[in-house]
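Colleague: Following this message is one structure expressed as C-alpha cells.
Derivation of every value follows stated rules applied to the coordinates shown; laboratory data play no part. No experiment lies behind these values; they were computed from the predicted model shown.
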Ligand SMILES: *Cc1c(COP(=O)(O)O)cnc(C)c1O
C-alpha cells in the first residue's frame, strides 16, 4: 500500500486521505508516494480500448490504499470526466507525420487544470462527508487555477471557496469564468493590487495558525498530490493510443509550476516507456536554464502572452529534486534554504544527463509565429501556451521514431487576443460557453489589506456558523 512521505523528511507519513486534505507538509516539504506503483507491459496493454474514466480508475487505484473502495472511486472518475464536452475526454489530434497534440482543454473552464480539479472536487466531497467536516478553500489566481477550482467546488455542501484575483489584471474571459458562477458557496474577491499581493495574503493566512484552524483552511493549488496524480493518466492513455508499450513516446509540456511535466516523469517511473520529456518554458525560463546548466536561480517575472507559465520558482520542482538526490530529505532542505538565502543553487550536471528530461525556451515572437504556422500547416488553431510547447518540442526533439506529442493545455478561445494577433482570426468560445459575456457577474472588490480580506472571509464562511 502506498504511503506518502515529505520531500524534507521531517513530517509525519500520511495515507492518501490525509494527504489529499493536508496539501503542504508541516516541515515545508511536499508529499510524494513512498514507492512508485509498477505497471507491466501487460497492464499497459490492457488499457487499450478502455474509456478515460475506466483507465483513470485502473491506473490510480494503487495510490489510494484503502482510503476509497474501488467501486466508489470508479463512480468518482465517471462523474468527474462526464463534465468534459468531448466524448474522448482527452482526444489526440495529428499535426504532421509522427507529430500530435494531446487536447487537454475540453473541461468546463477550457484549460488542462480541469482534468485534475474535477476529480479533486469529488475526492474532497467524499472524505469530508465521511468525516462530517467542512473546509474553507482559499486561493490566489492569476487566471486558470481559480476558475478550475471554482468549477470543481461550486455547490458543494462541505466546502466554501474564496478566490482572490488582482482587480483588472486577469483577462476578461478568465474573470468571467470565475465571476459568473452563481453558487452561494463561491466568493470572488478582486483585490486592488497585483497577483503577488494576492498570493502574499493567502500565504499569510496559511501561516496564521489560529485563522487556519478556526476556518479549517485548505488549498487546492498544484502542490496537492492528488492533482499531480490525476495528471499521470493522460500520459498512459495517449501513449497506448500511439503504440505503447511497444513504442516509446516523447512529450513536450508547456511548463510553469512543473506539475504537469512531473506527472509525465511519474508515468515513466510507473513503467510507461518515454523517449523524451521536454520541458517547454516561455521567457520566464528558470526550468529551461536549470536543465541546460544545472543551476536553479530565481529571476524576476516578465509578463507574457502565456500567463499561466509566468512563474519565478516552480513549486513542484522540489518533488523532482527529492528523487534526483536519492530521496534524501536533508539535502532537499538545504537546497531549498539556499534558494531562499542565496536566490539559487546548482546541481551536478552528471545527475541530469542520465534523465529523461530536455528543456528549452520560446520568446514572444516565436510564440506568435508558431500559432500562425500551425494554422497554416496543420489547419489547427492553438493557444499561446500550446504554441510554446510546439516551438520548444521542435527545437529539442532528437532524431527518433518516437511520436512527439505536445500537450495542448488551453483552448485558443481562452486567449483570444494573442491568437487574433497571430492569425487575424478571433477564436469563438465553444457552445456551452457562448453566452459567457451576457451572464451576470458576482464579485467583491476589496483593498489590498489582509485584515479586511480576513474579516470578509470570516463573515461569509459557513464553518463559523456550524461549530
Ligand atoms: C497551469 C498551466 C500551465 C503550466 O502547468 P504547470 O503544471 O504549472 O507546469 C500551462 N498551460 C496552461 C494553460 C496552464 O493553465
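Colleague: Averaged across orientations, what area in nm² does the convex hull of the alpha carbons in region 322-467 project?
Modeller: Result: 16.8 nm².
Colleague: Find the relative contact order for the chain and round it to a whole percent, using C-alpha pairs within less than 8 Å whose residues are 6+ positions apart.
Modeller: The value is 19 percent.
Colleague: What percentages make up the Cα-Cα pair-distance distribution of region 207-311 when the bins are 10 Å wide from 0?
Modeller: Result returned by the calculation: 14, 34, 30, 17, 5, 0.
Colleague: From Cα pairs below 8 angstrom and at least 6 apart in sequence, can you work out the relative contact order of region 76-169, rounded to a whole percent?
Modeller: 24 percent
Colleague: When the Cα centres of region 6-85 and region 141-202 are compared, how far apart do they sit, in Å?
Modeller: 26 Å
Colleague: Let me ask another. Per residue, how much space in cubic angstrom lies within the convex hull of the C-alpha atoms of the chain?
Modeller: Hull volume over Cα atoms, normalised by residue count, gives 136 Å³.
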